[in-house]
Amino acid sequence: MSYCVHCGVELDKSEKRCPLCQTEVINPREPFDEKAVRPYPRRLDPITRQINRRFIGSLITIVLAFPALLCGAIDFSQAGRLTWSAYVIGALILVWSWTVPYYLLRRRSLSGIFIPGVLALLSYLFLIAWLQQDLSWYLPLALPLVLMPAALIFLIIALVWRRLIRGFAIPAAVLIAAGLLIVAIELVLKHAAGGLARPTWSLYALIPCLALATVCLAIARRQAVLDEIKRRLHL
Amino acid sequence: MTAPSPAKTWYRLDNAAKIYPAIMRTRHTTVFRLAALMREPVNPDQLQQALDMTMPRFPQFAVRLRKGIFWYYLEACHKPALIEEDVNNPLRPWSRTDAKKFLFRVRYGDRRISVEFFHALTDGYGASVFLRTLVAAYLSLQGVACPAGDGILDVRDTPTEAEREDAYKRFSNFKVIHRPRETRAFRLQGTLLPGQQLSIICGVCPADPVSQAARRFKVSVTELLVGVYLYQLYRIQQQGGYHTERPVRVSVPINVRRFYPSQTVRNFALYANPGIEPAYGSYSFEEILGLVHHFMRYTINEKYLNAMMCANVAPEKSLLLRISPLPIKNLAMRLVYTWTGESRFTSTVSNLGVVNLPPEMASHVERLEFMLGPSRYNPVNCAVISTNGQVVIQFSATMEETDPQRAFFRHLVRLGIPVRVESNRDWDEFGGK
């Protein structure tokens with residue numbers, strides 16, 4: 001019989017380490033026996049999730065389809081074609097494209113959910129511009145104002161998802177991205193208005209963002225400060 | 001003797017059982033397990049035969065869970081109950097496909113016969129009666145006759161109505177409806193194990209040193225174990241960077257059959273939550289043991305328990321609640337459980353006590369084991385059972401860290417109680433490290 005030198009408990013023959021403290025069993029008289037009968041088998045019982053995700057996806061589809069069809073039918077019966085209901089149907093399709101793929105896709109990925117969602121948003125804005133018969137704002141304003149934040153959000157989520165950034169580096173990345181985005185928005189707005197494309201007011205937002213990001217990055221490099229913050233603020 | 005009753009096709013859930021289907025989640029299975037570790041390897045064919053012989057004696061267990069408009073109910077299921085192989089991560093919750101089957105599983109391992117029960121069906125005592133009757137039937141097929149009585153039913157007898165009564169309804173007298181208010185308790189935190197895994201650490205102690213230690217402190221064995229666990233949880237709270245002023249409480253299920261002449265094998269248990277208030281100052285082990293001892297003596301008596309029972313049964317009698325549709329009831333029960341249930345204690349210590357085995361069975365059964373399923377908020381639970389002069393303490397956890405288990409067993413060793421530990425840890429999984 002072997003005892004854990006750390007905990008003082010006797011260990012079963014099947015234990016290579018103490019299950020309580022992970023201390024390795026070193027007993028020259030009775031070395032660990034790989035063939036010792038284990039108290040529990042290795043086979044895992046697969047646990048099926050209680051929530052049927054595909055069912056939820058189907059349910060959301062039905063809930064969204066019902067008002068879309070109703071509005072379309074009323075509008076068509078009155079006007080003979082789709083007029084105002086196109087806005088409602090487009091908005092419902094937009095909601096569907098952001099929610100349902102999460103439940104329907106078997107292998108969920110960031111690009112599989114996020115990119116179709118952004119494309120749906122661009123399509124909806126194009127639909128509005130087309131219905132209003134005014135495409136002048138779509139290319140210079142709508143397209144960059146959707147694509148720029150989408151690209152930054154996608155980049156940050158991908159970095160976090162792949163664990164390339166963690167801890168306080170995440171708020172630092174968010175602050176840098178927010179500062180840069182504000183500058184880019186000002187440039188786009190000025191360019192669309194036909195003015196000089198030079199940043200002015202957005203610099204007042206960029207500088208504190210960068211300063212705070214620097215603080216976050218400094219904290220991220222100091223493990224002791226991080227531990228203290230985690231200890232004081234953990235939920 | 002109670003007269004045999006005609007076969008029923010459906011059953012109402014008893015008072016305690018009503019909440020379990022509503023609160024069941026992947027990480028809160030509301031399933032518990034009792035196992036008999038035999039001295040010889042288990043013969044699966046004979047175990048299946050024994051189960052076929054035992055099932056007619058327990059018609060209240062041959063049921064499946066169904067949804068009504070207003071309540072869940074148990075519907076008689078006439079499919080054969082099949083045994084399953086044991087697994088590394090028992091206590092799986094009942095899924096949609098499982099819902100068409102029985103609400104219990106019988107598993108066999110190398111030398112182990114185990115039964116896993118959905119808590120809506122029965123409590124620890126009812127499960128121990130079923131397991132002992134099943135093991136007796138199994139041994140009878142091997143030519144070992146085990147006498148019925150003392151928790152073993154004769155499989156040839158006819159089931160009685162008294163065995164399947166809702167004892168809560170029968171014994172609550174409604175003189176007082178009293179439930180003490182409790183604040184939110186300290187909650188253990190740690191790294192959650194991946195979804196399918198369950199950490200099982202089992203400590204086996206000889207019964208004599210445990211009872212001697214309890215006598216030394218002038219407390220019962222349950223009070224000693226609860227006191228040790230509370231003290232170690234308190235130390236973890238004080239040293240581990242938690243909110244140090246939250247009360248530390250441990251939920252202790254109480255078998256109410258001690259106080260009422262009930263033969264039911266359905267749920268008939270209540271809970272006491274002994275604990276300490278770290279905000280009042282620092283506590284020594286002896287102080288905590290004294291608090292647990294007096295709290296248990298104050299709580300565990302017929303009158304106090306009846307008041308608790310009435311508080312549980314009273315909402316069930318409310319007309320408004322009864323006419324609410326099941327989805328609304330489920331939502332309400334989940335909310336009530338979140339506010340007043342699991343958040344009010346840090347962990348559970350369920351002591352089934354000494355489970356007697358007749359000598360004929362004791363010579364073939366090394367020990368019995370008892371295990372609780374994982375909870376949603378409290379990642380570590382502890383279950384205790386004593387048989388054949390051994391106290392078996394099983395921790396089941398969904399947390400990777402083993403601080404509470406380690407501290408608990410080390411304390412027992414310091415009290416002079418030898419502990420032998422085994423686990424379900426697969427060391428090869430960690431690269432043989």
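The values are calculated or read from the model by the stated rules, or taken from the named source; none is laboratory data. What you see is a predicted model; the values in this text were computed from it and never measured. Because the Cβ atoms are built from the backbone with ideal geometry, glycine has one as well, and the counts that use them run over all protein chains shown.
Could you tell me which residue of the range A:4-25 is nearest to the other protein chains (Cβ to nearest Cβ), considering only residues that are over 44 Å from the mean Cα position of the chain (by Cα) and surrounded by fewer than 18 Cβ atoms within 10 Å (Cβ to Cβ)? Give the derivation first.
Start the filter on the range A:4-25 by keeping residues that are over 44 Å from the mean Cα position of the chain (by Cα), which leaves A:4-5, A:8-13.
If we keep only those that are surrounded by fewer than 18 Cβ atoms within 10 Å (Cβ to Cβ) as well, we get A:5, A:8, A:13.
Details: A:VAL5: 12, A:GLY8: 4, A:LYS13: 9 Å.
Residue satisfying both the conditions and the ranking: A:GLY8.
Is it the case that some residue within the range B:117-136 is at negative phi, within 23 Å of the chain's Cα centre (by Cα) and within 14 Å of another protein chain (Cβ to nearest Cβ)? Give the steps one after another, and end with the answer.
Residues of the range B:117-136 at negative phi: B:117-136.
Now drop any that are not within 23 Å of the chain's Cα centre (by Cα), which leaves B:117-136.
From what's left, within 14 Å of another protein chain (Cβ to nearest Cβ): B:118.
Yes: the range B:117-136 contains one or more residues that are at negative phi, within 23 Å of the chain's Cα centre (by Cα) and within 14 Å of another protein chain (Cβ to nearest Cβ).
Restricting attention to the range B:32-46, does a residue exist that is in contact with a strand residue (DSSP E or B) (Cβ under 6 Å, 6 or more places away or on another chain), at pLDDT below 90 and closer than 17 Å to B:VAL106 by Cβ?
No: zero hits.
Could you run through the range B:304-316 and say how many residues are of a type outside the set (A, V, I, L, M) and either touching a residue at least 40 places away in the same chain (Cβ under 8 Å) or outside the structural domain of B:LEU224 (by TED's automatic domain parsing) (or both)?
Residues in the range B:304-316 being of a type outside the set (A, V, I, L, M) and either touching a residue at least 40 places away in the same chain (Cβ under 8 Å) or outside the structural domain of B:LEU224 (by TED's automatic domain parsing) (or both): 4 in total.
Tally up the residues in the range B:135-164 that are assigned to a loop (DSSP other than H, G, I, E, B) and either hydrophobic (A, V, I, L, M, F, W, C) or more than 28 Å from B:ALA383 (Cα to Cα) (or both), please.
Applying the first criterion (assigned to a loop (DSSP other than H, G, I, E, B)) to the range B:135-164 yields B:142-159.
If we keep only those that are either hydrophobic (A, V, I, L, M, F, W, C) or more than 28 Å from B:ALA383 (Cα to Cα) (or both) too, we end up with B:142-146, B:148, B:152-153, B:155-159.
Here the count works out to 13.
Filter the range B:17-33 for residues that are surrounded by 24 or more Cβ atoms within 10 Å (Cβ to Cβ) and aliphatic (A, V, I, L, M); which is nearest to the other protein chains (Cβ to nearest Cβ)?
That would be B:VAL31.
What tally of residues in the range B:411-428 results from selecting those that are in a loop (DSSP other than H, G, I, E, B), at pLDDT 95 or above and either facing chain A (nearest Cβ under 8 Å) or closer than 15 Å to A:ALA36 by Cα (or both)?
Of the residues in the range B:411-428, 2 are in a loop (DSSP other than H, G, I, E, B), at pLDDT 95 or above and either facing chain A (nearest Cβ under 8 Å) or closer than 15 Å to A:ALA36 by Cα (or both).
From the set of residues in the range B:165-216 that are β-branched (Val, Ile, Thr) and in a loop (DSSP other than H, G, I, E, B), which is nearest to the other protein chains (Cβ to nearest Cβ)?
Among residues in the range B:165-216 that are β-branched (Val, Ile, Thr) and in a loop (DSSP other than H, G, I, E, B), the one nearest to the other protein chains (Cβ to nearest Cβ) is B:THR191.
Within 30 Å of A:ARG108 (Cα to Cα) and more than 7 Å from every other protein chain (Cβ to nearest Cβ): which single residue out of A:PRO46, A:PRO67, A:PRO28 fits that description?
Exactly one of A:PRO46, A:PRO67, A:PRO28 is within 30 Å of A:ARG108 (Cα to Cα) and more than 7 Å from every other protein chain (Cβ to nearest Cβ), namely A:PRO67.
Starting from residues that are surrounded by 15 or more Cβ atoms within 10 Å (Cβ to Cβ) and aliphatic (A, V, I, L, M), keep the ones in the range B:322-350 and report whichever is farthest from the chain's Cα centre (by Cα). Even if it seems obvious, please write down each step before you answer.
From the range B:322-350, those surrounded by 15 or more Cβ atoms within 10 Å (Cβ to Cβ) are B:324, B:326, B:329-330, B:333-334, B:337, B:341-350; that's our starting set.
Of the ones still in play, those that are also aliphatic (A, V, I, L, M) are B:326, B:333, B:349.
Details: B:LEU326: 26, B:MET333: 20, B:VAL349: 9 Å.
Among them, the one singled out is B:LEU326.
Quick check on the range B:398-410. Is at least one of its residues within 14 Å of another protein chain (Cβ to nearest Cβ), of a type in the set (A, V, I, L, M) and buried (at least 24 other Cβ atoms within 10 Å of the Cβ)? Before you say what the answer is, go through the steps one by one.
So the first thing to find is which residues in the range B:398-410 are within 14 Å of another protein chain (Cβ to nearest Cβ), and the list is B:398-410.
Then keep just the ones that are of a type in the set (A, V, I, L, M); that gives B:399, B:407.
When the remaining residues are screened for being buried (at least 24 other Cβ atoms within 10 Å of the Cβ), the result is none.
Checked against the condition, which is being within 14 Å of another protein chain (Cβ to nearest Cβ), of a type in the set (A, V, I, L, M) and buried (at least 24 other Cβ atoms within 10 Å of the Cβ), the range B:398-410 yields no hits at all.
Give the range B:275-306 a look and list any residue that's of a type outside the set (Ser, Thr, Tyr) and part of a loop (DSSP other than H, G, I, E, B), or say none. Show your work before the answer.
The first filter runs over the range B:275-306 and keeps only residues of a type outside the set (Ser, Thr, Tyr), leaving B:275-279, B:281, B:285-297, B:300-303, B:305-306.
Correct list: B:GLU277, B:GLY281, B:ILE300, B:ASN301.
Give the residues of the range A:1-16 that are modelled with pLDDT of 90 or more and either of a type in the set (D, E, K, R) or outside the structural domain of A:PRO39 (by TED's automatic domain parsing) (or both), sorted by residue number.
A:GLU10 - this is the single residue of the range A:1-16 that is modelled with pLDDT of 90 or more and either of a type in the set (D, E, K, R) or outside the structural domain of A:PRO39 (by TED's automatic domain parsing) (or both).
Inside the range B:217-233, can you point out the residues that are in a loop (DSSP other than H, G, I, E, B) and farther than 21 Å from B:TYR304 by Cα? Working first, answer last.
Step one: of the range B:217-233, the residues in a loop (DSSP other than H, G, I, E, B) are B:217-220.
B:PHE217, B:LYS218, listed by residue number.
Restrict the check to the range B:112-126 and report whether at least one residue is of a type in the set (D, E, K, R), at pLDDT 90 or above and assigned to a strand (DSSP E or B).
We begin by selecting, within the range B:112-126, every residue of a type in the set (D, E, K, R); these are B:112, B:116, B:123.
Cutting the leftovers down to at pLDDT 90 or above gives us B:112, B:116, B:123.
Restricting the remaining residues to those that are assigned to a strand (DSSP E or B) gives B:112, B:116.
Yes, because at least one residue in the range B:112-126 is of a type in the set (D, E, K, R), at pLDDT 90 or above and assigned to a strand (DSSP E or B).
Being modelled with pLDDT under 90, outside the structural domain of B:SER262 (by TED's automatic domain parsing), of a type in the set (Asp, Glu) and within 21 Å of B:ILE385 (Cβ to Cβ) narrows it down to one residue among B:ASP150, B:ASP98, B:ASP86; which is it? Write out each step before concluding.
Numbers: B:ASP98 fails: within 21 Å of B:ILE385 (Cβ to Cβ); B:ASP86 fails: modelled with pLDDT under 90.
The unique qualifying residue is B:ASP150.
Return yes when B:GLY389 is at positive phi, of a type outside the set (D, E, K, R), within 13 Å of another protein chain (Cβ to nearest Cβ) and surrounded by fewer than 17 Cβ atoms within 10 Å (Cβ to Cβ) and no when it is not.
Values: at positive phi: yes; of a type outside the set (D, E, K, R): yes; within 13 Å of another protein chain (Cβ to nearest Cβ): no; surrounded by fewer than 17 Cβ atoms within 10 Å (Cβ to Cβ): yes.
Taking the combined requirement at face value, the residue does not satisfy it.
Quickly run through the range A:95-123 and pick out the residues that are in a loop (DSSP other than H, G, I, E, B) and in contact with a helix residue (DSSP H, G or I) (Cβ under 6 Å, 6 or more places away or on another chain).
First, pick out the residues of the range A:95-123 that are in a loop (DSSP other than H, G, I, E, B): A:105-109.
Selection gives A:LEU105 alone.
B:ARG132 is checked against (1) in contact (Cβ under 8 Å) with a residue 24 or more places away in the chain; (2) assigned to a strand (DSSP E or B); (3) of a type in the set (D, E, K, R) and fails just one. What number does that condition carry?
(2)
For the range B:130-140, indicate whether the set of residues that are within 25 Å of B:THR348 (Cα to Cα), modelled with pLDDT under 90 and surrounded by 18 or more Cβ atoms within 10 Å (Cβ to Cβ) is non-empty.
Taking the range B:130-140 first, the residues within 25 Å of B:THR348 (Cα to Cα) are B:130-132.
Narrowing the set further to residues that are modelled with pLDDT under 90 leaves none.
Checked against the condition, which is being within 25 Å of B:THR348 (Cα to Cα), modelled with pLDDT under 90 and surrounded by 18 or more Cβ atoms within 10 Å (Cβ to Cβ), the range B:130-140 yields no hits at all.
Exactly one of these conditions fails for B:ARG376: (1) touching a residue at least 40 places away in the same chain (Cβ under 8 Å); (2) of a type in the set (Lys, Arg); (3) not in a loop (DSSP other than H, G, I, E, B). Give me its number.
For B:ARG376, the failing item is (3).
Test of understanding: among B:ASN273, B:ASN301, which residue is surrounded by 14 or more Cβ atoms within 10 Å (Cβ to Cβ), under 21 Å from the mean Cα position of the chain (by Cα) and either over 23 Å from B:THR348 (Cα atoms) or of a type outside the set (Ser, Thr, Tyr) (or both)?
On the way: B:ASN301 fails: surrounded by 14 or more Cβ atoms within 10 Å (Cβ to Cβ).
From the options B:ASN273, B:ASN301, the qualifying one is B:ASN273.
Filter the range B:179-229 down to the residues that are hydrophobic (A, V, I, L, M, F, W, C) and under 21 Å from A:PRO19 (Cα atoms) and list them by number. Before you say what the answer is, go through the steps one by one.
So the first thing to find is which residues in the range B:179-229 are hydrophobic (A, V, I, L, M, F, W, C), and the list is B:185-186, B:188, B:192-193, B:198, B:200-202, B:204-205, B:207, B:210, B:213-214, B:217, B:219, B:221, B:224-226, B:228.
Across the range B:179-229, the qualifying residues are B:LEU188, B:LEU192, B:LEU193, B:LEU198, B:ILE200, B:ILE201, B:CYS202, B:VAL204, B:CYS205, B:LEU225, B:VAL228.
Within the range B:234-274, which residues are in contact with a strand residue (DSSP E or B) (Cβ under 9 Å, 6 or more places away or on another chain), part of a loop (DSSP other than H, G, I, E, B) and of a type in the set (Lys, Arg)?
B:ARG266
Examine the range B:354-373 for a residue that is within 14 Å of chain A (Cβ to nearest Cβ), over 20 Å from A:TYR40 (Cα atoms) and buried (at least 17 other Cβ atoms within 10 Å of the Cβ), and state whether such a residue exists.
Within the range B:354-373, none of the residues are within 14 Å of chain A (Cβ to nearest Cβ), over 20 Å from A:TYR40 (Cα atoms) and buried (at least 17 other Cβ atoms within 10 Å of the Cβ).
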